[in-house]
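Contents: one structure, followed by commentary.
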Amino acid sequence: MARFTRREKNRPVPRLAPRIAVLMAMIVAVLVTAALRLYYLQVIKHHELAELADRNRIRIQRLPALRGLVFDRHLRPLVDTRPSFDAVIVPEDSPNLSATIERLEKLLGQNNVAKKIEDADDEGRPDFEPVMVAERLDWSQVVALETHQLELPGVSLQVTPRRHYLYDSLAAHLLGYVGEVTVKDLNRLPDYRMGDDIGKFGLERSWESTLRGDSGGQEIEVDAIGRRLRLLREIPERPGNSVVMTIDLDLQRVAEEAIGARAGALVAIDPNTGYILAMASHPAFDPNIFAGGISSSAWRELITDPGHPLENRSIQGIYPPGSTFKVVDTIAGLMDRTLTPATSYYCPGGLWFGNREYRCWRKQGHGDVALHRAIVESCDVYFYDVGQRLGVDRIAAWSHALGLGKKTGIDLDNEKTGTIPSSAWKEHRFHERWYPAETLSVAIGQGYVAVTPIQLAELAAEVANGGTLYKPQFVRQIDALDGSVVKTFPPIAENQTRIDPQVLDDVRSAMADVVNASDGTGHAAKIDGIIVAGKTGTAQVVKEAQGARTKETALPDKYRDHGWFIAFAPVDHPQIAIACIIEHSGHGGSSAGPVVKAVMQKYFELNPPQRGPQAPATGQAGEAQPVDPLAD
Amino acid sequence: MAAIDRRIIYHFDWTLFSLALALCGVGILSVVSATWGGRHHGLDPLVVRQLVWVGVGTVLMTAAALIDYRALGTYAYAFYVLAVGMLIAVAVIGHSTGGSRRWINLGILNLEPSEVAKIAVVLVMVRYLREEPPKGGWSLLHMIIPAMLLAVPAALVLKQPDLGTALILMLITGTLVFVGGLNWRMLMVLMLGAVLVAPVGWHYLKPYQRERLVSFLNPQSDPLGSGYHIIQSEIAIGSGGGWGKGFLKGTQARLNFLPEQTTDFIFAVFAEEFGFFGSVMLLGLYAALIARGAWIARHARDRFGSLLAIGFTGIVFWQVAINIGMATGMLPVVGITLPLVSYGGSSLIAMMTAMGVLISINTRRYLF
């Protein structure tokens, strides 16, 4: 210590000035550091931090657009959007939360309110963010909450628009339904947000972009505890446009009533435009149950229902066309000159081919038949012969030309193609050559042949209009919310098959006699005062030995054949063409015939037949290039 | 006192006076911003009170400038005892807010004795250090008394708890001891000692103080808890950008995202609205004030005056450094006001009086 002190004694007394200088140097260094830090935050990191500041204060709230309405052809509403009431609670606004919850649970008759708030908090609900406690309140619940409002601080009713189908299951497959957008949809649709509705099926799906409109948004400034202070910016929503359909509400209703409880489908088309007048499929479903979320048990019930209520049989049901296919044989045979109206054949009730007998539906046979009577009485043996004359590939070419075995291109998802067999098709499909005996089945619309009801409706329409294949359309116009027309959809002729007027006359007169002659198979569709032209058909369900036809009525329901009826009317200037199938009903004339008759009757009650200038188009009419089906 | 020497008027340090008032002006602007759009429409009562304090402070600053600072040496110990007494009083009858007892309610003013303690510690240290140091500088033995003089108020302040003021007391004592002539070797020993004592100090910190330190080192560790203050303050400052969002247009402050926005985080309020430009101007004002203080210390007539100037300038510097360091996320959050700018009567009046003393020191170098 002594040495230490002595050495210190030799040192000078510290003076203030140099120490102040050292202090100042340090101070300058610190202040410069502070300035550099400020430069870093305010200049270099400015954008990032400014964005964070905005994110702090701005909440974005979307304003979903009102979905467009759907009308029938006479502007009668079919689908609209109605307010639905949900109960929400802002727990922070309730001074005595547990008492409020208790009261609310009592009024709503449910006991999960506390749990819902807890769950929302667990998911990181920000303060003052409302919690949904009950959806789709019924009227008595709404009234109960309204009248007890003072006892329920923090609870309010939230109005949400919900899709409403006015006639429940009417045209359900055509209209479709909406549901909440899925996570998968969200990835591909940037404009959608969780909780949005999206068309899932039918028109709702295929016309989604028209109906949806553009959602708007609000930027709301909030403070640190989440109170909403003011509206910063608002982009108003643009409501969706309305869709005016081509279907007629009354006709649709009659069609569905006529099908009744049976499984089946009906498509009615305006043959001069391709506009669909009615499209029914049964069993159906009620699209209202999807609005606002379907319960999983209801969904399971729908998809496991053996009647497949979600299937639109009009475009997804594929059935052998049965004897309705004889119309194609006739057109093909006459146009190919392998057949004339005078060609006759003897029907003894069956035809031996190879080493087995192919039966006619009429056991005792038709005797000597020419073309006209063969169609009217639907003689199978006659058309076995026509089939042999034509060969399967001619039949296939004409079928394709007339739009069979091809998608019609209707704006609905999952339309089925069906099958029109040919030798090439069989080679490709089974790596096997075509056996001439198989042509016999094809000629009467059995075997591999399978079509959808809409394809047969198109066939009837082509016979009616002279060979023009219109794209089937069910939307004729798009209107804005104020009623102004946004867009109209003129008919689209997709194909024009050249059919000689004489051939058309022969086919039409035979079809008219199917319904109107006393021995016609389609007598059940006859209407007083209007000549309906039609053709019956029976689609075999069970492949049975042709010789062993049992009495239909003796079979259990699920093995019974499907009944077809295709028709158009009036025969001289057609306004409506229809195809109808009733599953497991046996003969088409007696099952589908009355359904078609009911629809025809309703149609002509609403639209009395016009006489005069509107003669059916033939041959060269239409804009599409005539296509010779034999060119390939 | 009756007759004021005309030379006092003539040599009055208008530079320092103006700098102090300019900073008070910045303070009022910032308090207006920080309270704008709150419960009260227009001017918040806080602004009115701050205006009153600036008025009172200006009077006291002028009065202090006119008084001969050498008298402060005579009353240093008495003042120190008074301050310690107030700190004891606050511990007993103090008024507590937010878990700490810091104020004595005097009716018109909630007196904060820790602000008085800062002045008292400066006075008593300068009083002790005004003697010429021995050759080689003050040694360990000489430091026993200052250490004790520091320990009593520092312990009382820590007890409140007010880590920030305790830190300022230590830093200002250190500054004075250093400038006053501490042995270099001692300085090294003290600094080494501080490093070694740090872990022990950690042990004595309250949980929330530790949390602040941890969240300072990693603000994202608890973004809604302690880290929240640092993050929100950085967002406020950074979102101001180069030129700021404009007066009364800062969203972070107006919408209450900033904590303690009239006091500890007032710098963030200012920086958000006036940007990098404004912040650097404010730093410049402080730099000018500090430079003026150092100049006064350099040119004071006596050692007592020099050290006194260093003491008060030192308070300003350390508070500015720690407050801005905290607001910009360079230092952990400790409750320290931005001198002359933060809202608060006690700190404003203490600081303005101290500035008055600096003026007095500068003025009187011509008088004797």
| When every alpha-carbon pair in segment B:246-368 is counted, what percent end up more than 23 Å apart? | 37
| request: Over the whole of B:249-255, what's the average partner chain Cβ count within 10 Å per residue? Rounded to a whole number, please. | output: 4
| note | Counting Lys and Arg as +1 and Asp and Glu as -1 over every other residue whose Cβ sits under 11 Å from the Cβ of residue A:577, the net charge comes to -3
| Under 16 Å from the Cα of residue A:426 - aspartates and glutamates, other chains or at least 8 residues apart | A:393, A:438
| message | Could you work out how much longer the chain between residue B:302 and residue B:198 gets when fully extended? Use 0.36 nm per residue separation minus the Cα distance between them, nm to one decimal. | response | 33.8 nm
| note | Once both label points are put 7 Å beyond Cα along the C-beta direction, the residue A:492-residue A:301 separation in nm becomes 3.9
| In degrees, nearest 10, range 0 to 90: what is the angle between the Cα axis of helix A:326-335 and the longest Cα principal axis of chain A? | 70
| What number, in percent, do you get for the relative contact order of chain B if the mean sequence gap of Cα pairs under 8 Å and at least 6 apart is divided by its residue count? | 29
| query | Order of A:273, B:263 from fewest to most other C-beta atoms within 10 Å? | reply | B:263, A:273
| So, counting K/R as plus one and D/E as minus one, what does the shell of residues with Cβ under 14 Å around residue A:150 add up to? | -2
| What does the helix-only formula give at 222 nm for the protein assembly as shown: each DSSP H stretch with n ≥ 4 adding -39500 (n - 2.57), the total divided by the residues, and the result rounded to the nearest 500 deg cm²/dmol? | -15000 deg cm²/dmol
| said: Between helix A:453-465 and chain A, what is the angle of the helix's C-alpha long axis to the longest principal axis, kept within 0 to 90° and rounded to the nearest 10? | reply: 60
| Taking R0 as 60 Å, what's the FRET efficiency between residue B:49 and residue A:143 from their Cβ-Cβ distance, rounded to 0.05? | 0.70
| message | Could you tell me the relative contact order of chain A? Use alpha-carbon pairs under 8 Å, at least six residues apart, and round to a whole percent. | response | 13
| request: Check the straight Cα-Cα distances from residue B:245 and name the lysines below 22 Å, setting aside those fewer than 8 residues away within the same chain. | output: A:45
| field | Extended-chain gain in nm, criterion 0.36 nm per residue less alpha-carbon gap, residue A:150 and residue A:26 | value | 38.1 nm
| What is the Cα coordinate range of segment A:6-99 on the first, second and third principal axes, sorted by size from largest, in whole angstrom? | 115, 43, 17
| task | Give me Rg over Rh for the protein assembly as shown, both radii from the alpha carbons and Rh done the Kirkwood way, two decimal places. | result | 1.31
| query | Length gain on complete extension for the stretch residue B:71 to residue B:248, per 0.36 nm per residue less the alpha carbon to alpha carbon distance? | reply | 59.3 nm
| field | Summed side-chain charge close to residue A:534 - residues other than residue A:534 whose Cβ falls under 13 Å, Lys, Arg +1, Asp, Glu -1 | value | +4
| task | Find how many whole Å separate the alpha carbon centroid of segment A:165-237 from the alpha carbon centroid of segment A:473-533. | result | 39
| field | Integer Hz, Karplus 6.51/-1.76/1.60 couplings in order for segment B:336-343, x for Gly and Pro | value | 10, 7, 8, x, 6, 10, 4, 5
| query | How would you classify segment A:197-336 from its alpha-carbon gyration tensor, with a ≥ b ≥ c the square roots of the eigenvalues: rounded for a/c under 1.5, else prolate if a/b is greater than b/c, otherwise oblate? | reply | prolate
| note | With Rh as the Kirkwood radius over Cα pairs, segment A:249-627 has Rg/Rh of 0.97
| query | Cα-Cα over 18 Å: which of A:407/A:471; B:159/B:206; A:116/A:184? | reply | A:116/A:184
| To the nearest 20 debye, what is the magnitude of the charge dipole of the protein assembly as shown about its Cα centre, counting +1 on the Cβ of each Lys and Arg and -1 on the Cβ of each Asp and Glu? | 6340
| message | How high is the relative contact order of segment A:249-627? Use alpha-carbon pairs under 8 Å, at least six apart in sequence, and give a whole percent. | response | 21
| residue A:526: which lysines have alpha carbons under 23 Å from its alpha carbon, excluding same-chain residues fewer than 8 sequence positions away? | A:326, A:535, A:597, A:602
| FRET efficiency, residue B:184 to residue B:365 (Cβ-Cβ, R0 41 Å, nearest 0.05) | 0.90
| field | FRET efficiency for residue A:253 and residue A:357, using Cβ-Cβ distance with R0 set to 56 Å, rounded to 0.05 | value | 0.75
| In what sequence, highest mean first, do B:51-61, B:264-274, A:107-117, B:316-326 appear when ranked by Cβ atoms within 10 angstrom? | B:264-274, B:316-326, B:51-61, A:107-117
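Only the coordinates and a few stated rules stand behind these numbers; no lab work does. Fair warning: this is a prediction, and the values are worked out from it, not measured in the lab. Ideal geometry is used to build each Cβ from the backbone, glycine not excepted, and the neighbour counts take in all protein chains shown.
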